[in-house]
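Quick one: the structure is below, and I'll ask about it shortly.
None of the figures in this text is laboratory data; all of them are computed from the coordinates on show. Computed from a predicted structure; not experimentally measured. So basically every Cβ, Gly included, is an ideal-geometry build from the backbone, and we count neighbours across all protein chains shown.
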Amino acid sequence: MQFTAGFRPNNSFLEELERWQRLDFPSPYLNPRTFEAADPKARKRVVAVLHELLSLTMEKRLTSSQLDAFHSEYLLPSRLLLCLIKHHGIFYITNKGARSTVFLKEAYDGTKLIAQCPLLLHIDKFVALSGRRVLDSCNNFASSPISSRNYSSSSRLHD
């Protein structure tokens, strides 16, 4: 797990984290109705579902509005972002205006996506050849093709 540079976990936090990690890992593909909402395994299942969901995206990130589309299908908690904040070693959340974006930390090295999807590389090359600016699909703002996959200006990931 990667924590932000300024985060200094205390002993109680580390003990809680160790207890949580020792819990059985529920498959994200299990029926969510088999878990009680207050059960710690239910929270671990939510983390597993979100980890799997972000892993399947090309940019390993989703906005809160994009995550809202999955609430009913996967029976995610209504206060999902608060649940994610508790797992800041796995996810990074950035707030820009009224919208939040959730990143999968293990997919990034600082601000760079580690394993970039070949389609994203192709799009970047095509946009660079055309001389146009690419529209960032997650934040809906125009950016230059060179910095379109570098999130340092709008949503910096911390090591």
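Could you give me the ³J(HN,Hα) list for segment 121-126, computed from phi with Karplus coefficients 6.51, -1.76, 1.60 and θ = phi - 60°, whole Hz, x at Gly and Pro?
Result, ordered by residue: 4, 5, 4, 4, 5, 4 Hz.
Pairs 41/112; 44/105; 86/112; 41/96; 44/96: which are spaced more than 21 Å apart, C-alpha to C-alpha? Walk me through the numbers before you get to the answer.
Working: 41/112 32 Å; 44/105 17 Å; 86/112 24 Å; 41/96 31 Å; 44/96 27 Å.
Result: 41/112; 86/112; 41/96; 44/96 exceed 21 Å.
Using label points projected 7 Å from each Cα along Cα→Cβ, tell me how many nm separate residue 55 and residue 119, to one decimal.
1.9
Here's something else I'd like to know. Just name one of 84, 97, 40: the one whose Cα is farthest towards the positive end of the charge dipole of segment 11-108 (beta-carbon charges, Lys/Arg +1, Asp/Glu -1).
97
Give me the distance between the Cα centres of segment 1-57 and segment 82-131, rounded to whole Å.
Between the Cα centre of segment 1-57 and that of segment 82-131, the gap is 20 Å.
Still on this structure: Would you mind computing, in nm to one decimal, how far apart the modelled labels at residue 7 and residue 22 are, each placed 7 Å from Cα along Cα→Cβ?
Each label point lies 7 Å from its Cα, and together they span 2.1 nm.
What would the Debye formula give as log10 I(q)/I(0) at q = 0.15, 0.16, 0.18, 0.23 Å⁻¹ for the alpha-carbon point model of segment 15-79, no solvent?
So the normalised log intensities work out to -0.50, -0.56, -0.70, -1.05.
So, one more: Take the Cβ-Cβ distance between residue 106 and residue 37 as r, set R0 to 30 Å, and report the resulting FRET efficiency rounded to the nearest 0.05. Show your work: numbers first, answer last.
Details: r = 27 Å, r/R0 = 0.91.
E(calc), rounded to 0.05, equals 0.65.
Based on the Cα gyration tensor of segment 1-116, what are the three equivalent ellipsoid semi-axes, each the root of five times an eigenvalue, rounded to whole Å and given largest first?
Numbers: eigenvalues 90, 78, 37 Å².
Working from the Cα gyration tensor, I get semi-axes of 21, 20, 14 Å.
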